[in-house]
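> Encoded as structure tokens, here's the structure I'll be asking about.
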Amino acid sequence: MRGLSTHFFVHAFACFCLLGNGNGEKASDHWAFQAVADPELPRVMDQTWIRNGIDSFILAKLERKGIPTPDRAIKSILERRLSFTLLGLPPSMLDPKDSLLEQLEELLASPHYGERWGRHWLDVVRYADSNGLDENAAHANAWRYRDYVVRSFNEDKPFDRFITEQVAGDLIPWNDDFSVRRSNLVATGFLSLGPKLLAEPDPVKLEMDMIDEQIDVIGRAFLGLTLGCARCHDHFFDPVSTEEYYALAGIFKSTRTMESFKRPAKWVENLLANSEEQQLSKKHQDLVEAQNAVVVAYRERANQELLASGKFNKLPKKPEAHYPEPTRKILENLEKTLKHFNGSSPQLDFAMGVQEGNVTELHVFVGGDPETRGEIQPRGFPAMFAAYEATNFHSGGSGRLELAAWLNSSRNPLTARVIVNRVWRWHFGRGIVETTDNFGLLGGKPTHPEMLDWLASRFIEEGWSIKALHRLILSSETWRMSSGPHSIASEKDPDNRLFSRSPVRRLEAELIRDSLLHLSGELDLALGGSTWSHENRKLVFNHTSEDNTNYVTNRRSIYLPVIRNNVYDLFQLFDFPNPNSMCGDRTPTTTPQQALYLMNSPLVRQAALGFSQKGFGSDPKVRIQLLYNSAFHRDAEPHEIRQSLRFLESFSSKSEPSDKWHAFAQSLICSNEFLYLE
């Protein structure tokens, strides 16, 4: 059927497969569609364990289950947990004399905090430096959006403002401060980053697929809802009708994401220059053209003079070499001047993003087919919430500003709950709602619904501040729990759904790589910018061309290019998310290939070599302690020192001393204690 895409069939198949799993609950009664409450804190027996409201909610459930009050982890473990959680780096910059709360503030103030937490958000918005799909063209300016995200987290930009900038940044007044305008234009890259079938011959199909992808990422990222399921039929489970889908789609039909639909189609790039910069660039170009005209005119005059001298031999390709000396020098000086002006031309910056288009109200495409049209649907939002109020759209606008206001409304019960749950999941490895991207009827129910609402209420009260939410979570006794097993907790809470202990989690792919470079002393902590030079919109990789992407850099992993269809090998091995779709919940795997990589990878071996140089020339016991402390943030126990010495002594006397220390350093890197957080 014309107009139906692979993206559409994925939605349809997912909905079909889940059709038999309904529980009969009415959509109007679903917990996630009710207003956010502000519940009272529950009473608990062990008041000595309570540091804030989080602890009251957690301990109340543990006590009802007969699970003892959890133990606290030791400070060195908490310091390592805190540093990797907030910065994604080992805790080398922490002063052990400082309290945990003092260390918390130091880490939140670090510019590397935004790199760690910005990467979480890049998972959600399917960030990539190339298009993927049929035309894997370079997103050479996508890095500006990535840097915008990092800055936003560092600045603790209110999350409601963060949403508005990404959905409608180009429409926000900027009061003559062009730096604000520039940042807001870059923010709209959120809507443009998705994969597109650039070689699709049917422009209507291409545009509707793109709009569907935009609706899908907005629905799941901000609302935790699979809105795309309503493209061809009413949503099987959630209260979203096909009419409401096309009312929402009209907003994005009225938005210009593509510059051209001529194959291969081109996405919009917003100019990031103010009027003065644009005028300067134009004047410079006019000057270059004028200088070029002078050179051409002088050459023509010189050629005429040569012909007039009576020499009729054919002129060579570079006749100026045969000009009289004064003429040649004048031409050389003119061409040097022209070359200088060409080389010093101001480079105007561009960024992926969107613009306002022609306001359009869409017909319903029956069954998702653009050729089978139903009634026109005025632009609007799903009326799934009891507090929904009809919105009057600005007559000349797409409706994206109104959409952002609807998403951020205090009457919207989903937005604050969804982001609070995401932050909790990134701290604890599991959300209060386990299905972080699905709060609909087929999603999981919250294990602690009152705590989720209490946190969402505090989040809104604190001005939608992510850092304030960190302070609340990380100052709780719940976050400070030990990960050690407890027989009663293991029996009554085997899956840790009640958060009876701290989870043991493997470091993400980026943290493994950054830690390796950090241990070797080679990590480059420079902030921002691009590490990838590729011409914008040119193919970077497909099945008929070689991928020349260069990953050889010591910059942090967030700055490595993310190439769709060909993700960096370390990232692929250690569960980096598929950049073709949004992901709020990375799923860890354990495979033999991961162990082989740690044993044989040139990156790991080089890092181990640099790491092994620590304490060179010192007493072996002192050197072992130094390596243990660097790798694990703790001292080696006496039995570990003995085992380490035996390992070193097992090498042949003919071996180079550096070889055994290299092997020892790599053995620490390959250990679970290095790769996992307690």
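The values are calculated or read from the model by the stated rules, or taken from the named source; none is laboratory data. Since the model is a prediction, treat every value here as computed from it, not as a measurement. Every residue, glycine as well, gets a Cβ built from its backbone with ideal geometry; the counts of neighbours run over all protein chains shown.
> I'd like to check which helices (runs of 4 or more DSSP H) are fully inside segment 183-279 and have at least 2 residues that are among the charged types (D, E, K, R). Reasoning before the result, please.
Working: elements: 189-192, 203-218, 242-253.
Because the criterion is at least 2 residues that are among the charged types (D, E, K, R), the helices (runs of 4 or more DSSP H) in segment 183-279 that meet it are 203-218, 242-253.
> Identify all residues within segment 29-74 that are within 20 Å of LYS492 (Cβ to Cβ) and among the polar types (S, T, N, Q); write none if there are none.
Those that are within 20 Å of LYS492 (Cβ to Cβ) and among the polar types (S, T, N, Q): SER56, THR69.
> Can you name the helices (runs of 4 or more DSSP H) wholly within segment 543-615 that have at least 2 residues being touching a Gly at 6+ places or on another chain (Cβ under 9 Å) and closer than 17 Å to ASP524 by Cα?
Numbers: elements: 569-573, 592-600, 602-611.
Because the criterion is at least 2 residues that are touching a Gly at 6+ places or on another chain (Cβ under 9 Å) and closer than 17 Å to ASP524 by Cα, the helices (runs of 4 or more DSSP H) in segment 543-615 that meet it are 602-611.
For (1) among the acidic types (Asp, Glu); (2) under 18 Å from LEU519 (Cβ atoms); (3) in contact with a Phe, Trp or Tyr (Cβ under 6 Å, 6 or more places away or on another chain), each residue gets a yes or a no:
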| site | (1), (2), (3) |
| --- | --- |
| ARG634 | no, yes, no |
| GLU637 | yes, no, no |
| SER644 | no, yes, no |
| SER653 | no, no, no |
| HIS662 | no, yes, no |
| GLN666 | no, yes, no |
| ASN672 | no, yes, no |
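> Can you pull out the residues in segment 167-206 that are among the aliphatic types (A, V, I, L, M) and under 30 Å from PRO370 (Cα atoms)?
So in segment 167-206, the residues among the aliphatic types (A, V, I, L, M) come out as 167-168, 171-172, 180, 185-187, 191, 193, 197-199, 204, 206.
Those that are among the aliphatic types (A, V, I, L, M) and under 30 Å from PRO370 (Cα atoms): VAL167, ALA168, LEU171, LEU191, LEU193, LEU197, LEU198, ALA199, VAL204, LEU206.
> Take the residues in segment 96-107 that are under 28 Å from PHE222 (Cα atoms) and touching a residue at least 24 places away in the same chain (Cβ under 8 Å); name whichever of them is surrounded by the most Cβ atoms within 10 Å (Cβ to Cβ). Don't jump to the end; show me each part of the working.
The initial filter retains those residues of segment 96-107 that are under 28 Å from PHE222 (Cα atoms), namely 104-105, 107.
If we keep only those that are touching a residue at least 24 places away in the same chain (Cβ under 8 Å) too, we end up with 104, 107.
Values: LEU104: 19, LEU107: 23.
Applying the filter and picking the extreme gives LEU107.
> Could you list, ordered by first residue, the pairs with Cβ atoms under 7 Å in which the first is in segment 108-125 and farther than 19 Å from GLU79 by Cβ and the second is polar (S, T, N, Q), at least 6 apart or interchain?
PRO111/ASN154; GLY114/ASN154
> Right, something else. Of the conditions (1) outside any loop (DSSP other than H, G, I, E, B); (2) out of contact with any His (no Cβ under 7 Å at 6 or more places or on another chain); (3) modelled with pLDDT of 95 or more, ILE473 satisfies every one except a single condition; which number is it?
Only one criterion is unmet by ILE473, namely (2).
> Follow-up question, since we're still on this one. Quick check on segment 416-426. Is at least one of its residues closer than 23 Å to ASP453 by Cα, in a loop (DSSP other than H, G, I, E, B), modelled with pLDDT of 90 or more and among the small types (Gly, Ala, Ser)? If you could, list the steps in order and put the result at the bottom.
Taking segment 416-426 as the starting set, the residues that turn out to be closer than 23 Å to ASP453 by Cα are 416-426.
After this cut, where a residue has to be in a loop (DSSP other than H, G, I, E, B) as well, the list is none.
No, segment 416-426 contains no residue that is closer than 23 Å to ASP453 by Cα, in a loop (DSSP other than H, G, I, E, B), modelled with pLDDT of 90 or more and among the small types (Gly, Ala, Ser).
> Quick one: which helices (runs of 4 or more DSSP H) lie wholly within segment 635-678 and hold at least 1 residues that are farther than 12 Å from ILE624 by Cβ and touching a residue at least 60 places away in the same chain (Cβ under 8 Å)?
Details: elements: 638-649, 657-669, 672-675.
Helices (runs of 4 or more DSSP H) meeting the threshold: 657-669, 672-675.
> Considering every residue within segment 483-503, establish whether at least one is in contact with a strand residue (DSSP E or B) (Cβ under 6 Å, 6 or more places away or on another chain) and surrounded by fewer than 20 Cβ atoms within 10 Å (Cβ to Cβ). Break it down stepwise before answering.
Taking segment 483-503 as the starting set, the residues that turn out to be in contact with a strand residue (DSSP E or B) (Cβ under 6 Å, 6 or more places away or on another chain) are 501-502.
Retained after the next criterion (residues that are surrounded by fewer than 20 Cβ atoms within 10 Å (Cβ to Cβ)): none.
No, segment 483-503 contains no residue that is in contact with a strand residue (DSSP E or B) (Cβ under 6 Å, 6 or more places away or on another chain) and surrounded by fewer than 20 Cβ atoms within 10 Å (Cβ to Cβ).
> If you check every pair at least six apart or on different chains, which have Cβ atoms under 7 Å apart with a residue in segment 382-411 that is closer than 14 Å to ALA35 by Cα and surrounded by 20 or more Cβ atoms within 10 Å (Cβ to Cβ) first and a residue that is among the charged types (D, E, K, R) and modelled with pLDDT under 95 second?
What qualifies is PHE385/ARG411.
> Next up: Which members of segment 463-492 meet the condition of being farther than 18 Å from ARG72 by Cβ, charged (D, E, K, R) and out of contact with any Asp or Glu (no Cβ under 9 Å at 6 or more places or on another chain)?
Those that are farther than 18 Å from ARG72 by Cβ, charged (D, E, K, R) and out of contact with any Asp or Glu (no Cβ under 9 Å at 6 or more places or on another chain): GLU491, LYS492.
> Taking MET451 as the residue in question, decide whether it is within 20 Å of PHE632 (Cα to Cα) and either in contact (Cβ under 8 Å) with a residue 60 or more places away in the chain or among the charged types (D, E, K, R) (or both).
Numbers: within 20 Å of PHE632 (Cα to Cα): no; either in contact (Cβ under 8 Å) with a residue 60 or more places away in the chain or among the charged types (D, E, K, R) (or both): yes.
For MET451, the condition - within 20 Å of PHE632 (Cα to Cα) and either in contact (Cβ under 8 Å) with a residue 60 or more places away in the chain or among the charged types (D, E, K, R) (or both) - is not met.
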